[in-house]
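J.: Would you mind keeping the following structure in view while I ask a few things?
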Amino acid sequence: MDLVEKALAGDRRALARLLSLIEDDGPQAREALAALHPHTGRAHVVGVTGAPGTGKSTLVNELAKTLRAQGSTVGIVAVDPTSPFTGGAILGDRVRMRDLAGDPGIFIRSMATRGSLGGLARATSDAVKVLDGVGFETVLVETVGVGQAEVDVARTAHTVVVVEAPGLGDDVQALKAGLLEIADILVVNKADRSGAEQTARALEVTLDLGRNNAGDAEAWRPPVIKTVALNGTGVKAVVEAIGAHRAYLRQSGLWDRRERERIRADLMQALEETLVGQLLERVGEEELDRWVERIAARETDVYTAVESLVGLKEHSRASGR
Amino acid sequence: MSKQYRVLIAKPGLDGHDRGAKVVARALRDAGMEVIYTGLRQTPEMIVEAALQEDVDAIGLSILSGAHMTLVPRVLEGLREAGLEDVKVFVGGIIPDEDAETLRKMGVVEIFGPGTSTVTIVEAFRRHLAGG
């Protein structure tokens, strides 16, 4: 608990320790999050997502610089994948964020997915809460390089920036469901390369199609912004769009609605983890292994096992049905 | 579950040879550690700041420029000032024996010269991390 007080007072070492506590999970982490909760809810959480190599880290670096120049403090959570085989990870996002070193108004934390598949780590949303709680005004969340459907970031962030690059696919790619649907702002990065114009146009056309179907003239129309993050071109326009989206969320009431959706999702996740944890504690590894063996031997199946494990059919089974 | 170790691999100074750092980063990754890789031309201040923010258990410094006797002490001093003296510091590169001796006395836990196998390096990281 001491750690929370220190972090709230601006102790960066305590903040870093707190983030580790939350990544490693456990009762202390829950206590810390409970203590921080009253301080949260103020930061504008901006997710940055897109395929590998589109320039997310470089864009985050530039966004953070611009936001700092405008006076906002910036917390960054950058997620990279954990190896499914060894549990190890290379967290390399800091390579592109070297401009941000030495600024006390910035705090960067790299995070490995540790088995989560939706583009974020299980602990990412809690890490965002910590940075929000200790007072960072903007929190940038950079996802792993994603494919088409890793959309967890939409639940964690108020504003989602989807980063595209020229040459990644034709206009049918732009029509598909998934990643593009969660975009509040679309960035075509590496716009100095050939094909940037076509990519931007394909995205614009797709967005207009969607707008016709929604039939809501008041709805937010994601802007398509061309950038060259490497030299900062267009980054100011992205920061302006982020600000405009925040104003839109506030004034449309969506800010509160998204907040409630997020709280509900967090609540569901916590419930699942707690209930499954309790169950596993009661049942034990050995019992679980026995069920695995029985299912493998085709004596029973997964669903029957679950019913029995959670106690739904204990009596009917015992009575020989 | 065993503790998930976090290690910072950094290249202080101005030489551009990052192959060694990458090989070690990859070996530690394959050994199940989370490796924060910061890339080339890091100042000692940047390394200390990254170690603090990332809450790492160990730092591996790769230095081939010959500037180890100025760079390593500045990293160690920065870590002490930041209250990070419990972070284990490893150095890899071309370090003459007498310098290695001095660096060890200053607090570097292990020094790896050219030709050291990744197995040896991973084993050394594991041993020192497990030792508290």
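Values in this text are rule-based calculations from the coordinates and carry no lab data. Keep in mind the model is a prediction, meaning the values are calculated, not measured. So basically every Cβ, Gly included, is an ideal-geometry build from the backbone, and we count neighbours across all protein chains shown.
J.: Restricting to DSSP H runs of at least four residues, report the calculated mean residue ellipticity at 222 nm for chain A, -39500 (n - 2.57) per run over all residues, nearest 500 deg cm²/dmol.
T.: -15000 deg cm²/dmol
J.: Considering Cα pairs under 8 angstrom that are at least six residues apart, work out the relative contact order of chain B and quote it in whole percent.
T.: In percent, rounded to a whole number, it is 26.
J.: Here's a follow-up. Looking at the stretch A:1-88, which trypsin sites (Lys or Arg not before Pro) are DSSP coil and have at most 13 other C-beta atoms within 10 Å of their C-beta?
T.: A:Arg42
J.: For chain A, take the longest principal axis of its alpha carbons; what is the angle in degrees between that and the long axis of helix A:285-296, to the nearest 10 within 0 to 90?
T.: Around 90 degrees separate the two axes.
J.: While we're on this one: Excluding residues on the same chain fewer than 8 positions from A:Lys190, give the lysines whose Cα lies under 16 Å from its Cα.
T.: The qualifying lysines are A:Lys56, A:Lys226, A:Lys236.
J.: Something else now. Using the Karplus curve 6.51 cos²θ - 1.76 cosθ + 1.60 with θ = phi - 60°, what ³J(HN,Hα) values do you get for each residue of the stretch B:5-21, in whole Hz, with x for Gly and Pro?
T.: Couplings: 6, 10, 10, 9, 10, 9, 10, x, x, 10, 6, x, 9, 9, 4, x, 4 Hz.
J.: Using only Cα atoms, what Kirkwood radius does the stretch A:177-261 have, in angstroms?
T.: Result for the stretch A:177-261, one decimal place: 14.1 Å.
J.: Using amide H atoms built 1.01 Å from N in the peptide plane, name the residues 5+ places from A:Thr73, or on other chains, whose amide H lies under 5 Å from its own.
T.: Under 5 Å from the amide H of A:Thr73 lie the amide H atoms of A:Glu137, A:Thr138, each far enough along the sequence or on another chain.
J.: Calculate the radius of gyration of the Cα atoms of the stretch A:96-167 to one decimal place, then report Dmax, the largest Cα-Cα distance, as a whole number, both in Å.
T.: Rg, Dmax (Cα atoms, Å): 13.2, 41.
J.: Please turn the phi angles of the stretch B:38-48 into ³J(HN,Hα) values with the Karplus equation 6.51 cos²θ - 1.76 cosθ + 1.60 (θ = phi - 60°), one per residue in order, whole Hz, x for glycine and proline.
T.: Per-residue couplings from phi come out as 9, x, 6, 6, 8, 7, x, 5, 4, 5, 5 Hz.
J.: Please list, by residue number, everything in the stretch A:278-298 whose backbone N is under 15 Å from a paramagnetic label point 7 Å out along Cα→Cβ of A:Ser308.
T.: The answer is A:283-284, A:286-298.
J.: As an exercise, identify the chymotrypsin sites (Phe, Trp or Tyr not before Pro) in the stretch A:66-150 lying in DSSP coil whose Cβ has no more than 16 other Cβ atoms within 10 Å.
T.: When the chymotrypsin sites (Phe, Trp or Tyr not before Pro) of the stretch A:66-150 are filtered for loop state and at most 16 Cβ neighbours within 10 Å, A:Phe85 remain.
J.: Now for a different question. What net charge do the residues around A:Val292 carry, taking every other residue with its C-beta under 13 Å from that of A:Val292, with Lys and Arg at +1 and Asp and Glu at -1?
T.: Overall, the nearby charge balance is -4.
J.: Between A:Gly119, A:Gly135, A:Gly311, find the one with the highest GNM mean-square fluctuation for chain A; connect C-alpha pairs within less than 10 Å.
T.: Looking only at A:Gly119, A:Gly135, A:Gly311, the biggest GNM fluctuation is shown by A:Gly311.
J.: Cut-off is 10 Å between beta-carbons; in what order do A:Ile185, A:Ile295 appear when sorted fewest neighbours first?
T.: A:Ile295, A:Ile185
J.: For the stretch A:222-321, which semi-axes, largest first and in whole Å, follow from the square roots of 5 times the eigenvalues of its Cα gyration tensor?
T.: With the √(5λ) rule applied to the stretch A:222-321, the semi-axes are 52, 19, 12 Å.
J.: Please rank A:His37, B:His128, fewest neighbouring Cβ atoms within 10 Å first, as an exposure proxy.
T.: If I rank by nearby Cβ atoms, fewest first, I get A:His37, B:His128.
J.: Another question, then. Counting pairwise Cα distances across the stretch A:39-102, what percent come out greater than 19 angstrom?
T.: So the pairs more than 19 Å apart make up 41 percent of the total in the stretch A:39-102.
J.: Hey, can you grab everything whose amide H is under 5 Å from the amide H of B:Val89? Only 5+ residues off in sequence or another chain; H modelled, so Pro and N-termini drop out.
T.: B:Ile59, B:Val109
J.: Step through the residues of the stretch A:21-34 one at a time and calculate ³J(HN,Hα) from phi using the Karplus curve (6.51 cos²θ - 1.76 cosθ + 1.60, θ = phi - 60°), rounding each to whole Hz and writing x for Gly and Pro.
T.: 4, 6, 5, 7, 6, x, x, 4, 4, 5, 4, 5, 5, 4
J.: Using Cβ contacts closer than 10 Å as the measure, can you line up A:Leu203, A:Leu63, A:Leu8 from fewest to most?
T.: If I rank by nearby Cβ atoms, fewest first, I get A:Leu8, A:Leu203, A:Leu63.
J.: With Rg and the Kirkwood Rh both taken from Cα atoms, where does Rg over Rh land for the stretch A:40-252?
T.: Rounded to two decimals, Rg over Rh is 0.95.
J.: Okay, moving on. If you take the alpha carbon radius of gyration of chain B and divide it by 2.2 N^0.38 Å, what ratio comes out, to two decimals?
T.: 0.94
J.: Also: How large is the Rg to Rh ratio of the protein assembly as shown when both quantities use alpha carbon positions and Rh follows Kirkwood?
T.: 1.01
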